[in-house]
1. May I have the pair-distance distribution P(r) for the chain, computed from all Cα-Cα distances with 5 Å bins from 0 and rounded to whole percent?
2. Using Cβ contacts closer than 10 Å as the measure, can you line up 62, 7 from fewest to most?
3. So what is the 222 nm mean residue ellipticity for the chain from helices alone, if each DSSP H run of at least 4 adds -39500 (n - 2.57) and you divide by all residues, rounding to the nearest 500 deg cm²/dmol?
4. At a 10 angstrom cut-off on C-beta neighbours, averaged per residue, how do the peptides 127-138, 9-20 rank from highest to lowest?
5. Taking Cα centroids, how far is region 1-73 from region 149-169 in Å?
6. Out of all Cα-Cα pairs in region 3-64, roughly what percent, to the nearest whole number, are more than 16 Å apart?
7. Please report the antiparallel percentage of DSSP beta bridges with both residues in the chain, rounded to the nearest 5.
8. If we count other beta carbons within 10 Å of each Cβ, what is the order of 113, 220, 1, fewest first?
Ligand SMILES: C[S@@+](CC[C@H](N)C(=O)[O-])C[C@H]1O[C@@H](n2cnc3c(N)ncnc32)[C@H](O)[C@@H]1O
């Protein structure tokens with residue numbers, strides 16, 4: 001079995017679309033895992049993987065890469081707070097927001113904290129989704145190691161978290177503002193009517209063609225005037241082809 005056959009079989013068995021991911025990068029990650037677990041070929045690895053829940057879980061962990069933190073790239077979140085969200089709030093006082101590829105929920109919760117400051121009494125809609133059910137369970141639990149909170153101000157730490165011996169528990173006042181669901185960006189239906197879609201550090205794992213499909217889907221999911229917010233190391237060069245205007249680095253707007 002070669003890598004292409006392995007990918008096809010795994011995609012069918014686990015219901016994933018592995019063809020959307022950058023091939024070289026994906027192959028390197030999977031081979032690394034496979035060899036570290038003592039397998040020396042895709043065929044043996046495949047047979048073991050599909051019959052062993054722990055191996056499957058480890059495989060999925062390797063594909064999904066869940067690194068995240070609160071206010072990741074703080075200066076960009078400052079820009080979101082000072083310019084982008086106030087601009088969106090001028091047009092619409094109740095926003096609908098989606099954190100796509102939300103991992104531990106820190107991105108969605110960071111936005112909920114900003115909105116709690118900007119519009120304390122308004123119940124905005126904040127959706128957060130990920131392909132990885134295990135990480136969604138952690139996101140809903142909302143207990144964090146302190147290194148994920150290094151960009152959270154002391155004021156926000158005091159206001160929104162309770163510290164126990166090892167971790168920080170997010171309070172319900174913010175937790176209850178975010179609705180999590182399982183969603184595969186490569187195959188599931190996209191909801192509509194969003195004012196802000198945040199998809200950061202997710203599409204970097206996908207091929208250019210897949211990225212274009214995703215950005216087009218995000219464009220259709222946004223309201224006119226809505227904003228797509230991408231990761232610090234990302235940029236969309238063909239944004240106008242995909243129906244966006246570039247308002248500033250990392251923020252792309254669907255024309256009104
Ligand atoms: C590196 S994390 C980014 C988390 C967060 N957006 C941030 O920037 O801090 C990437 C997330 O994308 C998710 N992901 C990978 N493939 C996906 C897919 N096809 N559909 C939805 N989420 C996916 C992973 O499970 C992971 O939690």
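1. Pairs per bin, as whole percents: 1, 6, 13, 16, 17, 15, 12, 9, 6, 3, 1, 0.
2. By the 10 Å Cβ count, ascending, the order reads 62, 7.
3. -12000 deg cm²/dmol
4. The peptides rank, most packed first, as 127-138, 9-20.
5. If we compute the Cα centre of each part, the gap is 34 Å.
6. 36
7. 40
8. With the fewest neighbours first, 113, 220, 1 line up as 220, 1, 113.
Read the figures in this text as sums done on the coordinates, not as results from a lab. Treat the numbers as computed from the prediction; the structure is a model and nothing was measured. Quick reminder, even Gly has a Cβ in these numbers, built from the backbone with ideal geometry, and neighbours come from all protein chains shown.
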